[in-house]
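Input: a single structure, listed below in structure tokens.
What follows draws every value from the coordinates through simple rules; no lab data is involved. Computed from a predicted structure; not experimentally measured. No Cβ is skipped: glycine too gets one built from the backbone with ideal geometry, and neighbour counts run over all protein chains shown.
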Amino acid sequence: MNDRPYHIKAVLFYWEGTVIRQDQRSIETLKAAIGCPMQKTVLEFILSIPDVPDKNDTLAKLNAQEKIAALSPEPHPSAMEILEYLLAKDLRIGIISHSELNTIQRSLQAFETIGEKDFDFIFSRDDIAYQRPTTELIGLAAERLKVTIENMVVTSANPSEIENARKQGALTIFLNERLQSEPQTVKADFVIGDIRDIIDTVRMGIPLPTGKLPNHFLREFLNQFVFEDPSVLINPGVGEDIAAVDIESEDVLVLKSDPITFATDSIGQYAVLINANDIATSGAIPRWFLATLFFPCGTTPSQIKSAFEELKQYCRHWGITLCGGHTEITEAVVRPIVAGMMAGTVSRNDLIDKRRMEKGDRVLFTKGVAIEGTAIIAREFGDRLAQMGISKNKIAHCRQFLDQISIITEAKIAAENPGTSAMHDVTEGGLATALAELSSAGGHKIKVNMNQIPVYPETRKICDLLDIDPLGLIGSGSLLICCRDADSEELMQRIDAAGVEITCIGEVSDKGQEIQACKGKKPVPWPSFEVDEITKLY
């Protein structure tokens, strides 16, 4: 089943078996009369006949058999309702049929409000029999509908037609009215047992109007969440404008707000983890999340549903409760934006304050530089990287860097170490900015050996090709930890045992605010960036 966002501009029906009902016995009789194998569609069989006289003879038999079988094909009882809905939404509609045009016209007479003029094109077997192979029909249909194949959904009751449409890149709906009584083996984006479910599938791919997310969609998307946190007194829902949380038993409430503005792919994942990361650096447990989602005009419900599903997935994984927010389609943005607010709790004695940094503390760094930036570039600019010579496998590997952007695991371990004096996660502006911020918040200079800073080869390669500095590239997924020298080895061992790479890159120096960088024993300037390096790509 499809779990990706989609945008539908046209619907293509394989006529028989969807809009027009087919009797299985009649189909078998018809196929037997013309010598068509049962596993093939009539259209596939006709197109596969290479000899023109043989094809003419088969078509003559088919015409005769159709006249014997039925004078008037029977429309599906819900077909008119579906077609009226599609027309009301200004969607383009096309037909592919193995029947003659006059047979299709005769079947349309059964519809009170729908006629031949309401379809953007009709491919009958008169049009197709001597034309193109079935593998080209989908592309030809998209041309006639004046849409890209990706914006067209193909509906059929035949597995081979669905398989062909998927291979061509179209979205597919497989209608199987025996869905409840037989196992499902057909690979389709959507499998339905009732033709009326086409409406539910299509409506998720139609752009929404500007303004708040309609309540019926909000209710549907929130229903996928499970709200089990007893401390949340008022859960999110239609008509609920606030969240209420009981914090009577907690010592300290830690709050954080951060928008996600660079990424469009996996934006829900970013929103949860980027905000949870900051909460974790204080030694607190991330617990409650509020999300304000802004989508540009033209956004479909399926795109918004995808973001909600990511929020659900990552909140559930880390034990966080979504307790409020707002969703809107607006002209104010050109790409999706999620502004998140996270709250967590920690005992007063366990709260980590960066002002506890002391001279001699070791500065530790987890994973590698620019993890998040590497993932974003691979996801947003994969085509550009491919043109520059990066292999598809490498790009796919870099896309998976997104799985590493949480620092909650190592932050929790560091919070349990009595020697941990400060934590700061790397975000916008990269490691260069994060170290400067840590120095400022902790009131101490920091010495850094640039030769010790880990940069993954994939990150280095991408940054070299795009002429950007990895030290200034957004880097969620990496955590800076200041730890007393005597406790640092044990901390590094515990974090390493948890499967997280960790490196000592420097030490805390005298009071002040400065990064004192060196390469070996040679002093070098520490870079600074007014804006994140990733902005060069937009």
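Give, rounded to the nearest 20 debye, the magnitude of the charge dipole that region 212-350 has about its Cα centre when Lys and Arg contribute +1 at Cβ and Asp and Glu contribute -1 at Cβ.
Once rounded to the nearest 20, the dipole reads 340 debye.
Using the charge dipole of region 181-275 (Lys, Arg: +1 at Cβ; Asp, Glu: -1 at Cβ; taken about the Cα centre), state which of Ile192, Ala263, Ile274 has its Cα farthest towards the positive end.
Ile192
Give the angle, between 0 and 90 degrees and rounded to the nearest 10, that separates the Cα long axis of helix 24-34 from the longest principal axis of the Cα atoms of the chain.
60 degrees
Within region 164-237, which GluC sites (Glu not before Pro) sit in a loop by DSSP and count at most 11 neighbouring Cβ atoms inside 10 Å?
The qualifying sites are Glu228.
Loop-only check: which GluC sites (Glu not before Pro) in region 298-398 are DSSP coil with at most 15 other Cβ within 10 angstrom?
Sparse-neighbourhood loop GluC sites (Glu not before Pro): Glu331, Glu358.
Mind checking the angle between helix 301-317 and the chain's longest principal axis? C-alpha axes, 0 to 90 degrees, to the nearest 10.
Approximately 40 degrees, to the nearest 10.
So what's the chain giving for Cα Rg divided by 2.2 N^0.38 Å, two decimals?
In units of the globular-protein estimate, the chain measures up at 1.25.
How many percent of DSSP beta bridges within the chain run antiparallel, rounded to 5?
Antiparallel bridges: around 60 percent, rounded to the nearest 5.
How big is the dipole moment of region 354-537 about its Cα centre under a simple scheme where the beta carbon of each Lys and Arg is +1, that of each Asp and Glu is -1, and everything else is neutral? Debye, nearest 20, please.
That gives region 354-537 a dipole magnitude of about 280 debye.
Over region 354-537, what is the relative contact order in whole percent, taking alpha-carbon pairs under 8 Å and six or more residues apart?
Relative CO of region 354-537 lands at 40 percent.
For the chain, what does the helix formula give at 222 nm: sum of -39500 (n - 2.57) over DSSP H segments with n ≥ 4, over the residue count, nearest 500 deg cm²/dmol?
-10500 deg cm²/dmol
Mind checking the angle between helix 457-466 and the chain's longest principal axis? C-alpha axes, 0 to 90 degrees, to the nearest 10.
The angle comes out at about 80 degrees.
Select from region 407-475 those GluC sites (Glu not before Pro) which occupy a DSSP coil region and have at most 12 other Cβ atoms within 10 Å, ordered by residue number.
When the GluC sites (Glu not before Pro) of region 407-475 are filtered for loop state and at most 12 Cβ neighbours within 10 Å, Glu416 remain.
Of the options Cys504, His76, Trp15, report the single residue whose Cα projects farthest towards the positive end of the charge dipole of the chain (beta-carbon charges: Lys, Arg +1; Asp, Glu -1).
Projecting each Cα onto the dipole axis, the largest value belongs to Cys504.
If you wrap a convex hull around the alpha carbons of region 354-537, what volume per residue comes out, as a whole number of Å³?
106 Å³
Under a point-charge model restricted to the Cβ atoms of Lys and Arg (+1) and Asp and Glu (-1), what is the dipole moment magnitude of the chain relative to its Cα centre, in debye to the nearest 20?
Computed charge dipole of the chain: roughly 1000 debye.
Find the relative contact order for the chain and round it to a whole percent, using C-alpha pairs within less than 8 Å whose residues are 6+ positions apart.
13 percent
Considering the dipole of region 212-350 built from charges on the beta carbon (Lys and Arg +1, Asp and Glu -1) around the Cα centre, which of Tyr314, Leu233, Ala332 is farthest to its positive end?
The listed residue farthest towards the positive side: Ala332.
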